[in-house]
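Just below is one structure, and these are the notes that go with it.
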Amino acid sequence: MSHAKKPAPPEKVNDKRRVDNEGNPRNFSQDKFVGDQSFDEEAPWPSEEAVGSDVDADEVVRLQEALEAARARVDKLARAYQEMERDKEEFKQRLQRERERMLDFEKGKVALLVIEAVDELGLCLKNADASPLSVGVKMIRENLLKKLKDNGVVLLELEGAVFDPNLAEAVDLQMVDNPDDNMKILEVLSPGYAFKEQVIRPARVRVARYIPPADA
C-alpha cells in the first residue's frame, strides 16, 4: 500500500524586509526608510534627553544667540523698509501739493489778465447807450465774468463791510458823522478778486472815517 507523500510545509520567510510580523507581504509604499533600512511607524523615537545629551550646551547657546541676532536684524530691516515707504509716500504728497500750488499760481496769473480785460470793458460801458456795440461789449464782459466764476475766481463783495487791509486797499477817506460807520467801505472804486481763498487782486475802496467832535 502506497502512501501519498505529504506536501512540504511552506517555508517560513524570515526576511522582514518583505513580510510583516504575521507573514503578510509588506506594503513598501507605506514604509519609511532611513538610509537603506526600513522601520515601523510604531518604533519608538529617541527621547529629547537622548538627543540633547549628544549636543554641546555651548553650541546650543551659540545657535540661540545667532537666532536672536537674526530676528533683531530682520525687525530692523522691516522697520527701515516701513520708514522708507512712509517717506516715499510723504514725498509724493509734497510733490503733488507743490504741483497743485504751481498750477494755481499760473491760473491766478491768467485770471488777472482776464480781470484787466473785464476792467477795460467796464470803462467802455460807463457811457454806454442802447447801441448794438454797447450791447455786444456788455455781453462779452458778462461772459468773461461768468468764466472767471466757473473757474473758481470770486468777486469780493465789500461795499458796506468793515475795511480789511487783507482784502482791499484804502485809496480815499470820507468823514462821517455816525460812529457806527467808522472804517466801513462806502464805495468800491475797483473790484477785488480771490482765487481758492487767496486774494489775487485787492479791491480799491473809499473808507468812512469818524472823528469825534472836539469838546467845547
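Laboratory data are not the source of any read-out in this text; all were calculated from the coordinates shown. Here the structure is a predicted model, which is why all the values come from computation and not from measurement. Glycine gets a Cβ as well: all are built from the backbone with ideal geometry, and neighbour counts include every protein chain shown.
Using Cα-Cα distances under 8 Å and only pairs 6 or more residues apart, what relative contact order does the stretch 61-216 have, in percent?
Working: 157 pairs, mean separation 27.9, N = 156.
Relative CO of the stretch 61-216 lands at 18 percent.
Mean sequence separation of contacting Cα pairs (under 8 Å, at least six apart), scaled by the length of the stretch 153-216, corresponds to a relative contact order of 42 percent. Ranked by the mean number of other Cβ atoms within 10 Å of their residues, highest first, the peptides 201-214, 118-131, 76-89 fall in the order 201-214, 118-131, 76-89. Each of L63, L186 was scored by other Cβ atoms within 10 Å of its Cβ. Listed from fewest to most, they are L63, L186. In this simple spin-label approximation, D129 and R204 carry label points 7 Å from Cα along the Cα→Cβ vector, and these lie 2.9 nm apart. Annotation: extensible slack from Q96 through D150 equals 17.1 nm (criterion: 0.36 nm per residue apart, minus Cα-Cα distance).
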